[in-house]
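Down below is the structure, laid out as structure tokens.
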């Protein structure tokens, strides 16, 4: 008879963020012996340092901005101001209220053993946490990703900010250079600009938000520039950063010419790198600096080790990590293997106007040589645009030749809510005609969806 | 500042020991000298590699000897790729 090995746990989850928490909870509810290890604060990056605090501040900032520009509606707002320490207190309240931030007790109440410390594989079935050895028959790696610090000369010699540390500053800086014009860079640019910071954005690509269709980046660049005074320096490369008195001097190369910009603070938001420094070599897990390699079932090359979330090196979001965690937990303990379905996965940027995308972008379709039809409905053709006096935005829908919706982008107020109609349509292979014939309420922003869909019907 | 790191050797088949900087330094110097790096440069390379490994170890109280080899190789490769190759391949260097 084959020898049966015994382990301390049935499952050890490394990382308590969205990629790990669901799997740990599901396994514990199923009666498995589970441990969860967290190197920082329980709950991970999203509730403690990124999504929740940023969105709490953005909500307050947008309220302030709306009110400040209310004079066109007859509102008097000349005496309106803000108190930054109070705003920070509001942010902290939002983090505490989520219940997921620092939620060690939550796991313990479910019978999950919790450990704080860096996990390090010693062998395929054993890890070390603060010199304590733990073994398990299965592992889920959900360590997430951390902000990448680009190799820019002089950057290591100055005190720079990251999207995590900028939220802890005592007051908004007078001027700020953001290196990287991606999702987070844009959100922070708008946030800080509303509070009076002169913001510069350095982006290597030809437009902001380079991972989205060009219309979105170009529109946001115009909105940020015209309404918030943000200077976006696209097509540019940061050559060096150096200290200049109390300020920092950033040297940028653009079109062969060099330009220096003096700012109070530098924010590095140039993408994220998976956290793979956990002794994966000792476990024999294949990985690169770009992430851990997994199959369709989120299983690594070592069959009892799975991975989910940002550590995979894909464009990960909290909602996609939650789904992957659920899939991984199911695949670890069930014989029937399931595959995560990313088809209708939304991406949302909480600016004003908001940006939401789902499915394939036009660039994705071009890359895969897919024959498509597309239609754009500008916001200013719908009635709500008139009553809200808001014109910057559009809804773009992409279909295949049979009219089935492949992808969509919404740039509009409440884009995060509007997009889910299109997400549902994509998930269930609906056609633009079916969306267009669905009644959309007069004076809702979603009317733009109907207009765009009708153009493709 | 004293660094207390346990090094698990050969997957636990041999007794664990405390991390010794001198031992790492000597092995890096020996590797560099094997690829005809001048002694002074070998000492300098070994010093910077040891510093990088120690910086990494600050966060890791318990590692395997393989981990140290991997991290040392990563930093050695920046300074001298040929020595790094030799160091990576020679399992008995440490």
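The values are calculated or read from the model by the stated rules, or taken from the named source; none is laboratory data. Computed from a predicted model, the values in this text were never measured in an experiment. Neighbour counts are summed over all protein chains in view; Cβ atoms, including those assigned to glycine, are modelled from backbone coordinates with ideal geometry.
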| message | When the residues of region A:107-125 are narrowed to those that are in contact (Cβ under 8 Å) with a residue 60 or more places away in the chain and away from chain B (no Cβ under 12 Å), which ends up farthest from residue A:333 (Cα to Cα)? | response | A:116
| message | Being over 24 Å from residue A:130 (Cα atoms), away from chain A (no Cβ under 11 Å), touching a helix residue (DSSP H, G or I) at 6+ places or on another chain (Cβ under 8 Å) and surrounded by fewer than 17 Cβ atoms within 10 Å (Cβ to Cβ) is the requirement here; does residue B:88 meet it? | response | no
| note | In region A:110-119, residues that are crowded, with 22+ Cβ neighbours inside 10 Å and either over 32 Å from the mean Cα position of the chain (by Cα) or in a strand (DSSP E or B) (or both) total 1
| request: Go through the residues of region A:347-364 one by one and say whether even a single one is touching a residue at least 24 places away in the same chain (Cβ under 8 Å), surrounded by 21 or more Cβ atoms within 10 Å (Cβ to Cβ) and part of a helix (DSSP H, G or I). | output: no
| task | Could you tell me which residue of region A:56-75 is surrounded by the fewest Cβ atoms within 10 Å (Cβ to Cβ), considering only residues that are touching a helix residue (DSSP H, G or I) at 6+ places or on another chain (Cβ under 8 Å) and farther than 14 Å from residue A:88 by Cβ? | result | A:75
| query | Looking at B:45, B:8, B:78, which one is buried (at least 17 other Cβ atoms within 10 Å of the Cβ) and within 14 Å of another protein chain (Cβ to nearest Cβ)? | reply | B:8
| field | Residue list for region B:11-38, filter: outside any loop (DSSP other than H, G, I, E, B) and out of contact with any helix residue (DSSP H, G or I) (no Cβ under 7 Å at 6 or more places or on another chain) | value | B:11, B:12, B:14, B:15, B:16, B:17, B:18, B:22, B:23, B:26, B:27, B:30
| note | Looking across region A:126-147 at residues that are within 30 Å of residue A:237 (Cβ to Cβ) and part of a strand (DSSP E or B), the single one that is nearest to the other protein chains (Cβ to nearest Cβ) is A:146
| request: Please state which of the following conditions residue A:290 fails to meet, knowing it meets all the rest: (1) under 20 Å from residue A:166 (Cβ atoms); (2) free of Cβ contacts under 8 Å to residues at least 24 places away in the same chain; (3) within 19 Å of the chain's Cα centre (by Cα). | output: (1)
| When residue A:156 is evaluated against the numbered criteria (1) more than 14 Å from chain B (Cβ to nearest Cβ); (2) without any contact (Cβ under 8 Å) to a residue 40 or more places away in the chain, which criterion, by number, is the only one it fails? | (1)
| Matching residues in region A:284-294 - criterion: being within 14 Å of another protein chain (Cβ to nearest Cβ) and part of a strand (DSSP E or B) | A:287, A:288
| Flag for residue A:262 being more than 14 Å from chain B (Cβ to nearest Cβ), assigned to a strand (DSSP E or B) and either at pLDDT 95 or above or farther than 30 Å from residue A:169 by Cβ (or both) | yes
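Residues checked against (1) over 16 Å from residue A:157 (Cβ atoms); (2) within 14 Å of chain B (Cβ to nearest Cβ); (3) at pLDDT below 95:
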| residue | (1), (2), (3) |
| --- | --- |
| A:271 | yes, no, yes |
| A:279 | yes, yes, yes |
| A:282 | yes, yes, yes |
| A:296 | yes, no, no |
